[in-house]
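Some notes on the structure that comes next.
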There are 2 protein chains.
Amino acid sequence: MEIKQRIIEESFQMFVRFGIRSVTMDDIAKSMGVSKKTIYEHFEHKEDLLCQCINYHKSLQDTRINEIKKSSENVLETIYKIMYEAVSNMQKVNPAFLADLRKYHYKLCEELMPRHEQQQVEEALALFEQGVADGIFRDDIDLKIAAIVLNKQLKTMSDENVFVAENISVIDAFKTIILIFTRGMATTKGLEIIDRILKQNES
Amino acid sequence: MEIKQRIIEESFQMFVRFGIRSVTMDDIAKSMGVSKKTIYEHFEHKEDLLCQCINYHKSLQDTRINEIKKSSENVLETIYKIMYEAVSNMQKVNPAFLADLRKYHYKLCEELMPRHEQQQVEEALALFEQGVADGIFRDDIDLKIAAIVLNKQLKTMSDENVFVAENISVIDAFKTIILIFTRGMATTKGLEIIDRILKQNES
DNA sequence: TAAAAACTTATAAAACGAAAAAAGTTTTCA
DNA sequence: TGAAAACTTTTTTCGTTTTATAAGTTTTTA
């Protein structure tokens, strides 16, 4: 693999695991067994490296979402799988990563986050609309609001430690939310599919 | 009305409208046409006044919730009415109020907030349990998680300005959330009641 | 030639102090 | 007697300086 790509993948892992601030360019160089000069030959500055890390991660995510879509039988299955992966990924991210991004890379954050969030909302909206078209979701719901709310809900869930205090695992909380949410939007047909999926997962 | 009670009510209104920091003891005295000495005869210090304001507000809220419970035909009606009032009240609170509480009255905040939040969750939980007992809500849901999530959801909604950016009114967003949420927990019987309530509100 | 080390520079956090504002107290006066 | 004004004290804010750390650059060396 090309050295530049290797630097992106390695430093992304480090940023996600320890945060941005606490991973220095020296750390990255040492961890990869290269000199800082080599890194600076491929990236203008740390923020440039960080930006390329994030873009790389996004492209990975997009690929994964398309894979899931292809392998799912209906919108509900797609939603469950995507959400499960999203929450699993969220749990791996050190809170310092987002905190550092906001604090020390405010400009980059302001540039990337709104677009990223909007993409996520649009992704959810498209799935919901597909669900309505397939007779799985009710047609009397404001899908846009639903998409925004679900997005916010999952974000809040990972940020806060409400569930930790109550001895509830994030994954259980997440399952409950998604289940209530999809049932709340589902038609009779949708409810049947949900029950079928639940039974499958039990066994 | 007793002067002490009048001070509590007036200063609470001012705190909620403008925040805590920007309402000085001089402001309160001037607004009430009394001297600061009079205020300090009834309250040890500003934080004491603030604390009594909050407790007063809580007792009002409790009374209101009991009224709503009595006047409702079923749990769903109770939930809708309580939530509607809660959101209406939230909108009236200047964000500076909560910000000041956290920043300048951290100790008081740490003392009151967790208890307050827990009470709200328990209130929701009791309603959900009643709903299950009445055959309105499904019995296969983790009610505790549901209660926490709904609570958090409404809190997030008022804090963030997601909906403002999307030109969605807070009240519309709130209605969508509550509708999806209650439908997601409802049995067939519950769904029928929800539809009936919706029809009533249309006309 | 590229890693390692040594270096300079930029940034951020911490420490400090002055100034401002408001809490809390005392005095004045109607 | 209690409102209004004047006062002291405490707290917060704001600007400055110092210090430390890590970014970014250059030099050394294997």
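The values are calculated or read from the model by the stated rules, or taken from the named source; none is laboratory data. As the structure is a prediction and not an experimental result, all values here were calculated from the model. Glycine gets a Cβ as well: all are built from the backbone with ideal geometry, and neighbour counts include every protein chain shown. Just the protein is used for accessible areas: all its heavy atoms, side chains included, with ligands, DNA and RNA removed. Shrake-Rupley method; radii C 1.70, N 1.55, O 1.52, S 1.80 Å.
Listed by position, the helices (runs of 4 or more DSSP H) enclosed by the range B:1-71 that each have at least 2 residues that are of a type in the set (Ser, Thr, Tyr) and over 28 Å from B:GLN118 (Cβ atoms) are B:36-42. Within the range B:82-138, being closer than 23 Å to B:THR63 by Cβ and among the polar types (S, T, N, Q) holds for B:SER88, B:ASN89, B:GLN91, B:GLN118, B:GLN119, B:GLN120, B:GLN130. Look at the range A:47-61: where a residue is assigned by TED's automatic domain parsing to the domain that holds A:GLU111, no partner that is within 16 Å of DNA strand C (Cβ to nearest atom) sits 6+ places away or on another chain with Cβ atoms under 7 Å.
To keep it simple, each residue is scored yes or no on (1) outside the structural domain of B:VAL132 (by TED's automatic domain parsing); (2) assigned to a helix (DSSP H, G or I); (3) closer than 23 Å to B:LYS144 by Cα.
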{"position": "B:PHE163", "(1), (2), (3)": "no, yes, no"}
{"position": "B:ILE168", "(1), (2), (3)": "no, no, no"}
{"position": "B:ILE171", "(1), (2), (3)": "no, yes, no"}
{"position": "B:PHE174", "(1), (2), (3)": "no, yes, yes"}
{"position": "B:ILE177", "(1), (2), (3)": "no, yes, yes"}
{"position": "B:PHE181", "(1), (2), (3)": "no, yes, yes"}
{"position": "B:GLU192", "(1), (2), (3)": "no, yes, no"}
{"position": "B:ILE197", "(1), (2), (3)": "no, yes, no"}
{"position": "B:ASN201", "(1), (2), (3)": "no, yes, no"}
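Hey, among the residues in the range B:10-25 that are open to solvent by 60 Å² or more (accessible area, probe 1.4 Å) and touching an Asp or Glu at 6+ places or on another chain (Cβ under 9 Å), which one's nearest to DNA strand D (Cβ to nearest atom)? This residue is B:ARG21.
Here's the yes/no breakdown for (1) away from DNA strand D (no atom under 16 Å from the Cβ); (2) without any contact (Cβ under 8 Å) to a residue 24 or more places away in the chain; (3) open to solvent by 70 Å² or more (accessible area, probe 1.4 Å); (4) more than 16 Å from the chain's Cα centre (by Cα):
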position	(1), (2), (3), (4)
A:ASP27	no, yes, no, yes
A:VAL34	no, no, no, yes
A:GLU67	yes, yes, yes, no
A:LYS70	yes, yes, yes, yes
A:ASN74	yes, no, no, yes
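Selection within the range B:105-129: residues that are over 15 Å from the mean Cα position of the chain (by Cα) and under 24 Å from A:PHE174 (Cα atoms). The member of this set that is least open to solvent (accessible area, probe 1.4 Å) is B:PHE128.
Residues in the range B:101-150 that are outside any helix (DSSP H, G or I), more than 16 Å from DNA strand C (Cβ to nearest atom) and at negative phi: B:ASP134, B:ILE136, B:PHE137, B:ARG138, B:ASP139, B:ASP140, B:ILE141, B:ASP142.
Report yes if some residue within the range B:141-157 is within 13 Å of chain A (Cβ to nearest Cβ), among the small types (Gly, Ala, Ser), closer than 30 Å to A:PRO114 by Cα and open to solvent by less than 50 Å² (accessible area, probe 1.4 Å); otherwise report no.
Of all residues in the range B:141-157, those within 13 Å of chain A (Cβ to nearest Cβ) come to B:141-157.
Okay, now just the ones that are also among the small types (Gly, Ala, Ser), so B:146-147.
With the extra rule that they be closer than 30 Å to A:PRO114 by Cα, the set shrinks to B:146-147.
Narrowing further to those that are open to solvent by less than 50 Å² (accessible area, probe 1.4 Å): B:146-147.
Yes, the conditions are met somewhere in the range B:141-157.
Within the range A:164-178, the residues that satisfy the criterion of being more than 7 Å from chain B (Cβ to nearest Cβ) and either open to solvent by less than 20 Å² (accessible area, probe 1.4 Å) or modelled with pLDDT of 90 or more (or both) are A:PHE174, A:LYS175, A:ILE178. Applying the condition of being among the β-branched types (Val, Ile, Thr) and more than 25 Å from B:LYS152 (Cβ to Cβ) to the range B:179-197 and asking which residue is least open to solvent (accessible area, probe 1.4 Å) yields B:ILE193.
Scanning the range A:36-65 for residues that are of a type in the set (S, T, N, Q) and within 16 Å of DNA strand D (Cβ to nearest atom) yields A:THR38, A:GLN52.
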